[in-house]
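Asks: Submitted below is the structure of interest, expressed as structure tokens.
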Amino acid sequence: MSIPVWTWPVEYTLVIDPKIEESILYLGGRSIKTVQHETPFTNSDGTGVVRSRKGSFEFTVRVTRKNYKGDEKFKEIFGFLMARKEAGNESFYFYNPAEKLTPDPTGAATLGRYLVKFLGFPRVMLTKLMVFDFADLVFKEVQS
């Protein structure tokens with residue numbers, strides 16, 4: 001089964017929020033110590049140790065009522081998200097426009113590609129859109 005791909009260029013506001021895993025230790029009184037976790041690994045040729053961050057990204061795309069009422073693309077997006085929810089909150093590929101401006105519809109290009117899930121419910125998003133004039137689509141990076 002192939003993984004679906006978010007194929008729409010992000011023309012709305014995009015917020016990228018890195019979530020770094022960290023431990024917060026309360027040492028008593030007013031002392032707090034935080035530790036960010038990094039995962040060391042060995043290169044494929046057996047040399048050196050490279051440190052990399054351990055965490056994930058959240059992508060927030062803001063849409064407005066103006067986009068919903070006059071934009072067929074947004075209606076396609078809503079259908080795409082509903083299909084993911086109806087499939088048991090199925091993961092899909094999202095291309096970060098800061099890394100790759102045009103999404104690859106096949107999902108084969110790895111540059112800027114993230115495996116994400118939609119956080120929220122499409123019908124609640126529509127209600128917020130009608131009441132507040134905007135809604136946020138939040139995609140959380142997941143591990144394969």
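Asks: So which residues in segment 88-105 are part of a strand (DSSP E or B) and over 10 Å from the mean Cα position of the chain (by Cα)?
Replies: none
Asks: Follow-up. How many residues does segment 133-144 contain that are among the acidic types (D, E) and either surrounded by 16 or more Cβ atoms within 10 Å (Cβ to Cβ) or within 19 Å of the chain's Cα centre (by Cα) (or both)?
Replies: The total comes to 2.
Asks: Restricted to segment 62-87, and to residues that are in contact with an Asp or Glu (Cβ under 7 Å, 6 or more places away or on another chain) and outside any helix (DSSP H, G or I), which residue is modelled with the highest pLDDT?
Replies: Of everything passing the filter in segment 62-87, R62 is modelled with the highest pLDDT.
Asks: Residue by residue through segment 106-132, note down the ones that are surrounded by 12 or more Cβ atoms within 10 Å (Cβ to Cβ) and part of a loop (DSSP other than H, G, I, E, B).
Replies: G107, A109, G112, G120, F121
Asks: Give me the pairs: first residue in segment 110-137 and hydroxyl-bearing (S, T, Y), second residue not in a loop (DSSP other than H, G, I, E, B), beta-carbon distance under 6 Å, and six or more apart or on different chains, which are they?
Replies: Correct list of pairs: Y114/F94; Y114/E141.
Asks: Test T110 against the stated conditions and say whether it is modelled with pLDDT of 65 or more and either of a type outside the set (D, E) or on the phi < 0 side of the Ramachandran plot (or both).
Replies: Against the criterion (modelled with pLDDT of 65 or more and either of a type outside the set (D, E) or on the phi < 0 side of the Ramachandran plot (or both)), T110 qualifies.
The values are calculated or read from the model by the stated rules, or taken from the named source; none is laboratory data. Bear in mind the structure is a predicted one, so any value in this text is a computation, not a measurement. Counting neighbours? That spans all protein chains shown, and the Cβs are built from the backbone with ideal geometry, glycine included.
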